[in-house]
1. Per-residue HN-Hα couplings for the stretch B:415-425, Karplus 6.51 cos²θ - 1.76 cosθ + 1.60 at θ = phi - 60°, whole Hz, x for Gly and Pro?
2. In sequence order, what are the phi-derived ³J(HN,Hα) couplings for the stretch B:179-187 according to the Karplus relation 6.51 cos²θ - 1.76 cosθ + 1.60 with θ = phi - 60°, rounded to whole Hz, with x for glycine and proline?
3. Could you tell me which GluC sites (Glu not before Pro) in chain A are loop residues by DSSP with no more than 16 other beta carbons within 10 angstrom of their beta carbon?
4. For residue A:16, list the lysines whose Cα falls under 24 Å from its own Cα; do not include residues on the same chain fewer than 8 positions away.
5. Rounded if a/c is under 1.5, else prolate if a/b is larger than b/c, else oblate: which is the stretch B:318-461, with a ≥ b ≥ c the root eigenvalues of its Cα gyration tensor?
6. Could you work out the relative contact order of the stretch B:138-203? I mean the mean sequence separation of Cα pairs under 8 Å and 6+ apart, divided by the number of residues, in percent.
7. Measure of size requested: the Rg and Dmax of the stretch B:97-140, with Cα atoms as the atom set and Å as the unit; please supply both.
8. Which shape class, rounded, prolate or oblate, goes with the stretch B:176-283 when its Cα gyration tensor gives a ≥ b ≥ c as root eigenvalues, a/c under 1.5 marks rounded, and past that a/b bigger than b/c marks prolate?
Amino acid sequence: MAEYAPSSADAAAFGKVLKDIGLTVPLDDREAALPGALRLRRQARWLREELDRDDR
Amino acid sequence: MTGDLLDRPLRDQAASLRSGEIGCEELMRAALDRIARRDPAIGAFVHLDAQSSLAAAACAQKTLGAGEATGPLHGLPFGVKDIIDVAGQPGTCGSHAVDPAVADRDARAVARLRTAGAIPLGKLATYEFALTGPAWDQPHPPPRNPWKADHITGGSSSGSAAAVAGGLLRAALGTDTGGSVRSPASYCGAVGLKPTRDAVSRDGVFPLSETLDTIGPIAACVADAALLFDAMREESATPEASRLMGRDPAGLRLGFARDWIAEDPSADAALVPALDDAVGVLSGLGLGIELTALPDYDLFEATGSVILQHEALTVHAGRLGKRYSDYGRDARLNLLTGAALTAEDVDTARDMASRLTRRIDHVFAQVDILATATTLGTAPPFSAFEEGAVWTPMRTFPFNVTGHPAITLPCGWSGGLPLGLQLMAKHGDEARLCQVAHAFEQATDHAARHPFFADPVEIAD
């Protein structure tokens with residue numbers, strides 16, 4: 001699954017979910033973890049598409 | 001002579017103890033002596049309980065002398081990955097985020113091995129919380145691969161694989177959530193058995209993923225792995241793995257998932273020929289071979305990743321909140337990725353896991369055994385990890401997702417490092433798995449190769 005450069009909106013959304021679960025994460029760690037987090041999210045969405053296709 | 005015995009299968013060692021050929025303390029001293037000589041070059045042990053192990057060996061000898069009933073592993077040493085509790089031994093989970101504490105009771109799997117007579121002589125290195133590695137910001141440096149010291153062992157059961165490959169132990173316990181028994185076993189040229197989900201209790205094991213975690217042995221041969229599994233399994237869950245060992249496998253049907261490897265450009269050039277040879281050996285043993293098309297490998301990897309990262313963050317969120325900076329960098333970055341997932345994402349992955357399991361069950365209606373690679377290459381050098389975590393392609397995750405039992409064993413070499421053949425069977429069919437793996441092992445000489453050590457143990461009787 002190809003990587004793509006995270007946007008500032010992606011970064012802000014990721015920062016919010018970390019805060020929501022009670023984690024105070026330094027900026028450089030947030031930036032370093034973000035590509036992996038987005039990749040995981042895309043994998044999950046791809047699985048949804050595959051399930052929907054399977055159901056059709 | 002005792003040193004030679006350390007390289008014999010556990011069943012032979014047990015027979016030598018029962019016959020009085022050697023004593024339990026003598027065997028334990030030989031094992032401890034070998035560890036003292038070799039482990040400085042490997043770094044597999046993070047805690048060695050020499051005094052208690054010798055005391056336990058003395059007790060085992062008394063029991064034998066008194067003619068009392070003994071278990072199949074009576075007096076035999078084994079090692080334990082440092083996320084599994086052993087009463088009286090400290091645990092760190094390979095992390096500064098854990099205050100080392102001495103466990104007051106055994107994990108259930110360890111307790112069952114003790115009941116069978118085995119002696120846990122120490123704790124073995126793990127990647128931090130069984131997550132990711134190798135890394136150098138943990139309490140202990142990563143173990144070195146006994147075949148090439150500047151190469152990784154793989155993980156997360158890094159010390160267990162290194163100890164077995166280095167001849168320090170015949171068998172050790174590991175845990176496997178996405179391949180953490182099988183991939184280090186493959187990288188180190190050992191046998192690694194990931195049992196059927198829930199065949200071995202996870203009680204007393206630090207969790208990574210409630211759904212995917214599995215406890216399994218890493219051992220020097222298939223028979224040793226089966227012997228450990230038989231002693232620690234939950235009897236109600238799975239029959240004995242040893243019960244078909246030695247029986248002729250002719251007539252069994254094997255599905256070769258060659259597409260999962262042959263079409264991947266990251267596969268080592270020697271891997272596909274080694275697997276083709278391995279399947280040829282199995283054909284020569286009388287197994288019926290067919291090429292089997294399995295579901296897209298990426299579906300399994302995506303499914304397993306979503307479940308694992310969600311469940312791992314659930315386990316660690318509280319500790320991360322309190323001790324964030326005590327986690328190693330790669331481990332905490334790995335854990336943070338799970339925060340991006342929604343509940344719907346996780347439900348989707350669980351739904352896909354159920355469907356994939358049914359599809360593999362359907363394949364097992366056609367064949368008795370599946371075969372593919374364990375990892376797509378040999379153990380990479382440490383230098384590849386200087387900038388942080390690196391993806392090492394493998395084919396282990398699918399069978400954590402589906403819960404089927406899987407075993408890896410050496411099937412070839414590339415650049416002086418081992419390659420692994422992975423076999424899978426129906427749920428609860430460890431016996432068939434070990435029957436075929438054992439037959440392959442007996443028909444080849446891969447298991448007879450050992451890393452060279454300049455300090456062979458020589459103990460006079």
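1. x, x, 10, x, 10, x, 9, 10, 10, 10, 9
2. x, 6, 8, 6, 5, x, 4, 5, 5
3. Qualifying residues, ordered by number: A:3.
4. Within the straight-line limit of under 24 Å, residue A:16 reaches these lysines: B:322.
5. Working: a/c = 2.31, a/b = 1.16, b/c = 1.99.
Cα axes put the stretch B:318-461 in the oblate bin.
6. Values: 87 pairs, mean separation 18.3, N = 66.
In percent, rounded to a whole number, it is 28.
7. Taking only Cα atoms of the stretch B:97-140, I get Rg and Dmax of 13.4, 37 Å.
8. Working: a/c = 2.11, a/b = 1.34, b/c = 1.57.
Since a/c reaches 1.5 but b/c is at least a/b, the shape of the stretch B:176-283 is classed as oblate.
No lab work stands behind these numbers, since they all come straight from the coordinates. Predicted model, so just to flag it, every value in this text is computed and none were measured. Glycine gets a Cβ as well: all are built from the backbone with ideal geometry, and neighbour counts include every protein chain shown.
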